[in-house]
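The next block holds one structure in the form of structure tokens; read it before the comments.
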Amino acid sequence: MKRFLSISKDLAPGWRVQFAMRLNDTTFCESWGELLGTDQDDDLPGETLHRFRFLQWIDPAAAGSTGPVTYRSCEMLCRDDLAPVRYVVHSAGETAVFRITREQVRVTLATGQEIAAPITAPDFLLDANMIPQLDLCVRLLTGGDGAGFVGRFLSPSAMQTIEYTLDPTETGWQSSFGETITRAESGGVERVDVDGVEIRHLPFTLPIWADRAGDITAEVPRGYTPPASMRLRETSFQGPDVVHGAALAAPLNGGTAFAAAVYFAGSGRIDRHGFSGLLDLGTHQLLDGLAERGVVSLRYDKRGAGVTPLGTDMLEPSFEGVLSDARAAVAALRAAPESAGLPLYYIGHSQGGLVALILSQEDPKPAGVVLLATVARPIDLVLADQVRSQADKLAFSEDVLTRRLEDLRALFDHVRRGPDSDKSALPPKIAAQRHLMRWYREQLAHDPVTAIRRTKLPILLMRGSKDEQAFDADDRAFLDAAEEEDLDLTYRLLPGLDHLMVQDSGGGLADYAQSGRQVEQSVVDAIADWIAERQGTIRQEEERHAR
């Protein structure tokens, strides 16, 4: 079924296309593609290649997710049969360069770090939501006349090749990813429908930002200046895989410190101050506030964030790697002069709460654990609830919701089969996520409720009443376990606060991208007061035993 046409002979020299992606009549993404002509590549001397440009903007909030509007400008060099050779991505002032052979893909990141992965020769390249690249596929790899296609594409973000098929229908094709593709009279894509998303071909008009797309950044702060009311010392520590950038926050007068804490951030690539890409998650506000109250703290970059390079698990992320990095952070704080003689606490936010619970069972144990917006559900149920929440907000049909939940269940069925299961037999939609299976499998090995049962230490459990990611049921599961195990647990439900401990303004996850958001001072005070109270209790016990 594979039918390669020739770019030089079969693609119009002025090929230019534009597409819009819509949910409930709201456009959340647009993409453009154009053929710029021929070019050369230093790695392939004498071979004539074809040069394409692609543009894209995407608004995650309009699609029920979180994050600022982002813009990308991408360039692709490919052979005459569409096989990719080089792909360059410009976004938010940074550039990544992918070099592709039939056996390997190698990326050079903006930091200069290089990562390579073995692949099976791709027939074409398909980047996330870049519909013009799909248009090229159906024009050239099916012949544009209704024939089918069986082959594979390269996913730059996953750095892997993924099986992909197009089965002919009366009006176009049905893909192995569940896409219903309507063929245009010109032979390309007229429309795509998939899981409630409608993608339409538009008349081509370059946006006014076309020539600066890779340099546009959202109007949110990307830097951080510590307040004059506390001290911040930039530092680093050696993890099991890479050196992590870190920072120690302390009171101006070191003698006023009464405790120390390691902060474990939630999931994703988050730097030591709490920036994840263009999002400010508020870590610096929380820990600076605690320093002002007398709590020394260590914050650190996760792999691939801030000044910290990606680890060797970049292509197959590992939750056990997250735990190993956290252990190294604990050791770094224990060795820091700022924490000398101080009791040590663990503070974990969201997934970082699970990290805190797991590490609290290991020696030397901390004096206590603070859990912020931590879920009690296993990761597959968390993701299923996120699917339901998105479906409710975006008014997906029952059929769309059912398909998405079925896809998720199928993915975790394969995850639970273990690392030795036959990945070659995975359905294409699941195969596209095979690089995440280790991450999910290692998380499933750690049940949050079991972990809190085993934590025989003082615990402060806090959540905002407007949290859309951690729920009342999570708190209830933790509280029931604490009661059954007779644990020393203090619970605080903070009215009106969201998952990031910021006052909710009604926009849900979309609010995360707003600038000027502030972690509530009541959160800082509740943590500092609880630690101070615990230290007072401990001192009283020590004095009683001394007598």
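The values are calculated or read from the model by the stated rules, or taken from the named source; none is laboratory data. Just so it is clear, the structure is predicted and the values come from calculations on it, not from any experiment. Every residue, glycine as well, gets a Cβ built from its backbone with ideal geometry; the counts of neighbours run over all protein chains shown.
The single condition from (1) under 24 Å from the mean Cα position of the chain (by Cα); (2) surrounded by fewer than 21 Cβ atoms within 10 Å (Cβ to Cβ); (3) not in a loop (DSSP other than H, G, I, E, B) that T111 fails is (3).
The single condition among (1) under 26 Å from G311 (Cα atoms); (2) touching a Lys or Arg at 6+ places or on another chain (Cβ under 9 Å); (3) among the hydrophobic types (A, V, I, L, M, F, W, C) that A83 does not meet is (1).
For residues that are more than 16 Å from A259 (Cβ to Cβ) and surrounded by fewer than 19 Cβ atoms within 10 Å (Cβ to Cβ), scanning just the range 329-363, find the one that is modelled with the lowest pLDDT. Step by step, filter the range 329-363, then rank; the result is D363.
Rundown of residues vs (1) without any contact (Cβ under 8 Å) to a residue 12 or more places away in the chain; (2) within 19 Å of R233 (Cα to Cα); (3) not assigned by TED's automatic domain parsing to the domain that holds T490, yes/no style:
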position: A335; (1), (2), (3): yes, yes, no
position: E338; (1), (2), (3): no, yes, no
position: I347; (1), (2), (3): no, no, no
position: L357; (1), (2), (3): no, no, no
position: S360; (1), (2), (3): no, no, no
position: K365; (1), (2), (3): no, no, no
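Taken over the range 423-441, residues that are in contact with a Pro (Cβ under 9 Å, 6 or more places away or on another chain) and either surrounded by fewer than 17 Cβ atoms within 10 Å (Cβ to Cβ) or modelled with pLDDT of 85 or more (or both) amount to 5.
Listed by position, the strands (runs of 3 or more DSSP E) inside the range 140-198 whose residues that are touching a Pro at 6+ places or on another chain (Cβ under 7 Å) and either within 27 Å of F396 (Cα to Cα) or β-branched (V, I, T) (or both) number at least 2 are 160-168. Scanning the range 239-265 for residues that are at pLDDT 95 or above and either touching a His at 6+ places or on another chain (Cβ under 8 Å) or of a type in the set (D, E) (or both) yields A247, Y263, F264, A265.
Within the range 466-486, if we keep just the residues that are at pLDDT 95 or above and touching a strand residue (DSSP E or B) at 6+ places or on another chain (Cβ under 7 Å), the residue that is surrounded by the fewest Cβ atoms within 10 Å (Cβ to Cβ) turns out to be L479. A count restricted to the range 479-536 and to residues that are within 22 Å of the chain's Cα centre (by Cα) and in a helix (DSSP H, G or I) stands at 6.
Just to check your reading of the model, which residue among F275, F258 is among the aromatic types (F, W, Y) and buried (at least 19 other Cβ atoms within 10 Å of the Cβ)? Step by step, each of F275, F258 is checked, and only F275 is among the aromatic types (F, W, Y) and buried (at least 19 other Cβ atoms within 10 Å of the Cβ).
Taking the criterion of being β-branched (V, I, T) and over 18 Å from V370 (Cα atoms), the residues of the range 241-287 that qualify are V242, V243, T256, I270. Among the residues of the range 276-303, those identified as at pLDDT 90 or above and either assigned to a loop (DSSP other than H, G, I, E, B) or among the aromatic types (F, W, Y) (or both) are L281, G282, G294, Y300, D301, K302, R303. Out of L371, L315, L342, L333, one residue alone is touching a strand residue (DSSP E or B) at 6+ places or on another chain (Cβ under 8 Å) and in a strand (DSSP E or B). It is L371.
Cβ-Cβ distances below 6 Å connect the following pairs, each with a first residue in the range 170-198 that is under 11 Å from V138 (Cβ atoms), a second residue that is among the acidic types (D, E) and crowded, with 16+ Cβ neighbours inside 10 Å, and a separation of six or more residues or different chains: T182/E190; A184/E190; G188/D135; V189/D135; V192/E179. For the range 114-128, the set of residues classified as in contact (Cβ under 8 Å) with a residue 60 or more places away in the chain and outside any loop (DSSP other than H, G, I, E, B) consists of I115, A117, listed by residue number. Of the residues D135, D127, the single one that is under 24 Å from the mean Cα position of the chain (by Cα) and charged (D, E, K, R) is D127.
Checking the structure you have, find out if any residue of the range 90-98 is in the same structural domain as G187 (by TED's automatic domain parsing), free of Cβ contacts under 8 Å to residues at least 12 places away in the same chain and of a type in the set (V, I, T). Yes, there is a match, as at least one residue in the range 90-98 is in the same structural domain as G187 (by TED's automatic domain parsing), free of Cβ contacts under 8 Å to residues at least 12 places away in the same chain and of a type in the set (V, I, T).
This table checks each residue for (1) assigned by TED's automatic domain parsing to the domain that holds D392; (2) under 22 Å from I270 (Cα atoms); (3) among the hydrophobic types (A, V, I, L, M, F, W, C); (4) at pLDDT below 90.
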| residue | (1), (2), (3), (4) |
| --- | --- |
| S65 | no, yes, no, yes |
| E75 | no, no, no, no |
| T111 | no, yes, no, yes |
| L126 | no, no, yes, no |
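Could you look through the range 197-223, keep only residues that are at pLDDT below 70 and touching an Asp or Glu at 6+ places or on another chain (Cβ under 9 Å), and pick out the one that is nearest to T95 (Cα to Cα)? Here the answer is G214.
Every residue, every condition in (1) touching a residue at least 60 places away in the same chain (Cβ under 8 Å); (2) small (G, A, S); (3) more than 25 Å from R334 (Cα to Cα), yes or no:
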{"site": "R388", "(1), (2), (3)": "no, no, yes"}
{"site": "S397", "(1), (2), (3)": "yes, yes, yes"}
{"site": "E406", "(1), (2), (3)": "no, no, yes"}
{"site": "A410", "(1), (2), (3)": "no, yes, yes"}
{"site": "H414", "(1), (2), (3)": "no, no, yes"}
{"site": "P419", "(1), (2), (3)": "no, no, yes"}
{"site": "K429", "(1), (2), (3)": "yes, no, yes"}
{"site": "W439", "(1), (2), (3)": "yes, no, yes"}
{"site": "E442", "(1), (2), (3)": "yes, no, yes"}
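The single condition among (1) assigned to a helix (DSSP H, G or I); (2) of a type in the set (S, T, Y); (3) crowded, with 22+ Cβ neighbours inside 10 Å that S324 does not satisfy is (3).
Among the residues of the range 409-422, those that are surrounded by 17 or more Cβ atoms within 10 Å (Cβ to Cβ) and out of contact with any Lys or Arg (no Cβ under 7 Å at 6 or more places or on another chain) comprise L411, F412, H414. Scanning the range 76-101 for residues that are of a type in the set (D, E, K, R), crowded, with 18+ Cβ neighbours inside 10 Å and in a strand (DSSP E or B) yields R86, R99.
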